[in-house]
1. If we scan the stretch 8-15, do we find a residue that is farther than 16 Å from residue 103 by Cβ and either at pLDDT 95 or above or loosely packed, with under 12 Cβ neighbours inside 10 Å (or both)?
2. Could you check the stretch 30-62 and list, in sequence order, the residues that are in contact (Cβ under 8 Å) with a residue 24 or more places away in the chain and either assigned to a helix (DSSP H, G or I) or loosely packed, with under 15 Cβ neighbours inside 10 Å (or both)?
3. How many of the residues in the stretch 63-80 are touching a residue at least 24 places away in the same chain (Cβ under 8 Å) and either surrounded by fewer than 18 Cβ atoms within 10 Å (Cβ to Cβ) or farther than 13 Å from residue 15 by Cα (or both)?
4. Take residue 1 and decide whether it is modelled with pLDDT under 95 and in a strand (DSSP E or B).
5. Could you tell me whether residue 50 is more than 25 Å from residue 107 (Cβ to Cβ) and modelled with pLDDT under 95?
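The values are calculated or read from the model by the stated rules, or taken from the named source; none is laboratory data. Predicted, not measured: the structure shown is a model, and the values here were computed from it. Cβ sites come from the backbone with ideal geometry, for glycine too, and all protein chains shown count toward neighbours.
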């Protein structure tokens, strides 16, 4: 709910998708769960969740929301992201897709 003194902010959203090789599904799910848990404790992480696809049990997506661009850049440059990308290479059927969004005009109560 907006109040007269509320302001609008910009948040940063990242959506990443990866499809596991069928024999690697459980291992990829475990890595993604660990990455989500570790990322949630990072400064500026407002939300970080991953989910399995309802139609393809080998497909996963993660949804991240970051307070500001600086927090997102720190996350992306950190060892957690580099380590995750290095580990998932042999587990996925194709390279993951990662798309970032800048969402403007978000009420500050949601940030």
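1. Within the stretch 8-15, not a single residue is farther than 16 Å from residue 103 by Cβ and either at pLDDT 95 or above or loosely packed, with under 12 Cβ neighbours inside 10 Å (or both).
2. Answer for the stretch 30-62, where residues must be in contact (Cβ under 8 Å) with a residue 24 or more places away in the chain and either assigned to a helix (DSSP H, G or I) or loosely packed, with under 15 Cβ neighbours inside 10 Å (or both): 31, 32, 35, 36, 38, 39, 43, 56, 57.
3. 10
4. Considered against the rule, which asks whether it is modelled with pLDDT under 95 and in a strand (DSSP E or B), residue 1 comes out as no.
5. The answer is yes for residue 50.
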